Amino acid sequence: MQSKWENRTFKDDLDERVYSSHLLGSVPDLVLHGGGNTSVKTEEILHTGKKAAVLRVKGSGSDLATIRREGFTGIRMEDLLAAKNISEMPDQEMVDYMKKSMVDPSEPSPSVETFLHAFLPFKFVDHSHADSILAITNRNVSHDEIRSIFGNVVVIPYFPPGFKLARSVLERLGSISPDTEGIILEKHGLFTFGGSAKESYERHIRLVTKAEEFIKRNVREKIFTPKFKESSTESISNSLSAIRGMISKRSKKIMHLDTSSEALEIACSEEAEKFTERGPATPDMIIRTKHDYIYCSDLKDLGKQIGEYEKKYEEEYSRYVSNFPMHDPFPPIIVIKGRGIITSGISAKEAEIVRDQFVHSMKVNSLAEKLSGQRFIDLDQSYSMEYWPLEEAKLKKFKPMPLQGCISVVTGAANGIGYVAALKLAQNGSAVVVCDIDPEISKRAQEIESLTKSPVLPYILDISNEQAIREMFHIIKQEFGGLDIVFNNAGILKSDPIEDLDVKDLDRHYAIIGRGSFIVSQEAFRVMKEQGIGGNMVFNITKNFTNPGPEMTSYGAAKAFAAYVCHYVAKEGGKYGIRANIINPDKVFKGSKIWENGVLEARAKAKGQTVEEYKTQNLLRREVLPEHVANVLLALVNEEAFGATTDAMIPVDGGVK
Ligand SMILES: [Zn+2]
């Protein structure tokens, strides 16, 4: 591994710390998704006005690749070193101790390896879970052999992260000198240190290089042993929704399908078939990946395999865990022989992290196996990591968003009601697909994504085009695995007296509002039925259906058609838990393009009203806003509120005068 160090001058210690943290964090073979941590011992003026030694260590919520100064939490060294006299500290006590010693309590929680950083008597400390180091330590390997590979290093047997690990390092400080290159933690990773960030970083690279060279000398063959031929991925795409349903029985998941050449190499390998119960590369990954994954040779058997996985997980949970409620027992990783890798999580981001952790774990395990037989921590240690008290404390406080793990589709989402509906769905945790004929939809999707951090997939769609709709649903399945919520909202409006109405306009309204919402609903119905976990379709029909105004034949008749589509979705979907309901808003002005260019003023004038009067001509004398409609949509898809409601219509019109 090449050092990326470039000589430069630093403003201060923390500046130096930030620079080399980025160097470590930007290499996935060293640090993956928030893994690893770094620190610097410095001096600061405290709130008392006194100068004190302070440890700045990576706080939670930062990634080494992008960490900024404020990502490093300050803790008084005097307090941390006083803990050298404490022989035992359970995790929660350790967290409380660190909290009381923070320079500024509003900073992020410091890393669980804080004490280890503090006890090492060096200014800079770097820690990673380097793949090549793990390939060497994730085996039955003697400390002598490890030292013969790395030279002047200290080797520590496996301890779970926390105070015990820090103490085991403390007890070995006598054998650590300024010449010691680093500490190898069995089945965990690497610590290096030095008087400067450069010294610590370059030791890191040197030791990783030694590991890489050792592997190169001893593993001549490919990392993965090819065993099976690649097959078409078509059948996985077609099965994704059914798989999503099978693993979403307790909580909804978003899926990630990987058919890249890297994923296929794994899916075609002998190792993928063999390693299902070998565990990931590092214990902390277990929290997301679990210990086992499923290897599926024939999609027909997958349902049975998932059932067996669930049962095995429940048995192991009751054997190894007593004090915490059971996590979701379904597999986060499914390898389909010769076809690809499916991972899942409560969000698209989580599903991707699981994918990355799995691919790295497979490489580590395969190399370890080829060196001399891979061996990970024991199953009881693995379960105590999955049910780690600190993680459980976080879980207890974690309030999932109402639509966490859900996937929604909103048609006509570039502005007005559709845009606000998509925004609200995303704000509530749903992944959202927004479609519109207006190419602006891409920009709007970006806007929603940056406001909510939920993934928003834009799709430019002419909803009168049957083929285009069907393709969109194929892409939704590929991208997220299925769907839970559909908001049929796209529409156009042209008013004409009956005698002047051009049939072409009538056809156009029908194609977009009537037929378009039917094809969307038909595709959604098929996916929801396949998933077998229910679903929600909501139709924006408008007040026009129950209380039609004049000169709106095209619009009103097409909306009436869509209302009947909803009716039949409710009738036929009920037995599958698919609910279908209608929202009937009155005219919505805010954000709507229909009323632009003087149309609103002209309409008001024609009725002899002011604009304000025209907008509020209802019992409540209130303007109907897109937010009112979007919030009713959220209520309708809330199973606790409307779970027993289908085939219903809700007016959002201020009350008809
Ligand atoms: Zn670690």
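Quick one: Cα convex hull volume of the stretch 511-591, Å³ per residue?
Enclosed volume per residue, from the Cα hull, is 96 Å³.
At q = 0.05, 0.06, 0.07 Å⁻¹, work out log10 I(q)/I(0) for the chain with the Debye formula, treating every Cα as an identical point scatterer and leaving solvent out; two decimals please.
So the normalised log intensities work out to -0.31, -0.43, -0.57.
What list of ³J(HN,Hα) couplings, whole Hz, do you get for the stretch 547-556 from phi and the Karplus terms 6.51, -1.76, 1.60, once you set θ to phi - 60° and write x for glycine and proline?
Whole-Hz 3J(HN,Hα) from phi for the stretch 547-556: 9, x, x, x, 6, 10, 4, 4, 5, x.
List the residues whose amide H sits under 5 Å from the amide H of residue 586, counting only those 5 or more places along or on another chain, with H placed 1.01 Å from N in the peptide plane.
543, 652, 653
Count neighbours as other Cβ atoms within 10 Å of each site's Cβ, and list the chymotrypsin sites (Phe, Trp or Tyr not before Pro) in the stretch 385-446 that are DSSP loop with at most 15 such neighbours.
Hits after loop and neighbour filter: 398.
Send over the semi-axes of the stretch 544-585's equivalent ellipsoid, whole angstrom and largest first, taken as the square roots of 5 times the C-alpha gyration tensor eigenvalues.
25, 9, 5
For residue 401 and residue 443, what does the FRET efficiency come to when R0 = 25 Å and r is the distance between their Cβ atoms, rounded to the nearest 0.05?
In this case the efficiency is close to 0.55.
Fewest to most neighbouring Cβ within 10 Å: what's the order for 254, 183, 176?
Result, fewest neighbours first: 176, 183, 254.
With the cut-off at 21 Å, tell me which of the pairs 290/363; 311/399; 252/424 have Cα atoms farther apart than that.
Where the Cα-Cα span goes over 21 Å, the pairs concerned are 311/399.
In deg cm²/dmol, rounded to 500, what helix-only [θ] at 222 nm does the chain give when every DSSP H run of at least 4 residues adds -39500 (n - 2.57) and the total is split over its residues?
-13000 deg cm²/dmol
Cβ neighbours within 10 Å, averaged per peptide: list 138-145, 15-22, 485-492 in order, most packed at the top.
Going by the mean number of other Cβ atoms within 10 Å, highest first, we get 485-492, 15-22, 138-145.
Cross-link candidates for residue 370: which aspartates and glutamates have Cα within less than 15 Å, leaving aside residues fewer than 8 places away along the same chain?
Those aspartates and glutamates meeting the cut-off are 131, 212, 213, 221, 270, 271.
If you restrict to DSSP beta bridges whose two residues both lie in the chain, what percentage is antiparallel, to the nearest 5?
50 percent
Estimate the FRET efficiency between residue 45 and residue 273 by the formula 1/(1 + (r/R0)^6), using the beta-carbon distance for r and 45 Å for R0, to the nearest 0.05.
My answer for the efficiency is 0.15.
What does DSSP give for the stretch 192-342 in terms of the percent of beta bridges that are antiparallel, rounded to the nearest 5?
Expressed as a percentage, antiparallel bridges in the stretch 192-342 total about 65.
Can you list the lysines whose alpha carbon is less than 16 Å from that of residue 164, not counting same-chain residues fewer than 8 positions off?
Correct list for residue 164: 84, 187.
Sorted by mean Cβ packing within 10 Å, highest first, what order do the peptides 235-247, 101-113, 2-14 take?
Top to bottom by mean Cβ count within 10 Å: 235-247, 101-113, 2-14.
Which ordering of 495, 382 is given by a fewest-first count of other beta-carbon atoms within 10 Å?
Lowest to highest Cβ neighbour count: 495, 382.
With θ set to phi - 60°, apply the Karplus curve 6.51 cos²θ - 1.76 cosθ + 1.60 along the stretch 572-583 and write out the HN-Hα couplings as whole Hz, x wherever there is a Gly or Pro.
Values, residue by residue: 8, x, x, 5, 9, x, 8, 9, 9, 9, 10, 10 Hz.
Roughly what % of Cα-Cα distances in the stretch 360-476 sit above 19 Å, to the whole percent?
Cα-Cα pairs in the stretch 360-476 separated by more than 19 Å: 62 percent.
Kindly state, to the nearest 0.05, the FRET efficiency for residue 19 paired with residue 104, given R0 = 25 Å and r defined as their beta-carbon distance.
In this case the efficiency is close to 0.65.
Hey, what do the phi angles of the stretch 608-620 turn into as Karplus ³J(HN,Hα) couplings, whole Hz, using 6.51/-1.76/1.60 and θ = phi - 60°, x for Gly and Pro?
With coefficients 6.51, -1.76 and 1.60, one gets x, 10, 6, 4, 4, 5, 5, 6, 10, 7, 9, 4, 7 Hz.
Under 23 Å between alpha carbons: how many lysine pairs meet that in the stretch 521-639, if sequence neighbours fewer than 8 apart on the same chain are excluded?
Pairs that pass both the separation and distance tests number 26.
Quick one: which residues, 5+ away or cross-chain, put their amide H under 5 Å from the amide H of residue 120? H built at 1.01 Å from N.
none
Could you please rank 206, 56, placing first whichever residue has the fewest other Cβ atoms within 10 Å of its Cβ?
206, 56
Here, each number is a calculation from the coordinates, and none is a lab measurement. No experiment lies behind these values; they were computed from the predicted model shown. Positions of Cβ are backbone-derived with ideal geometry, glycine not excepted, and every protein chain shown enters the neighbour counts.
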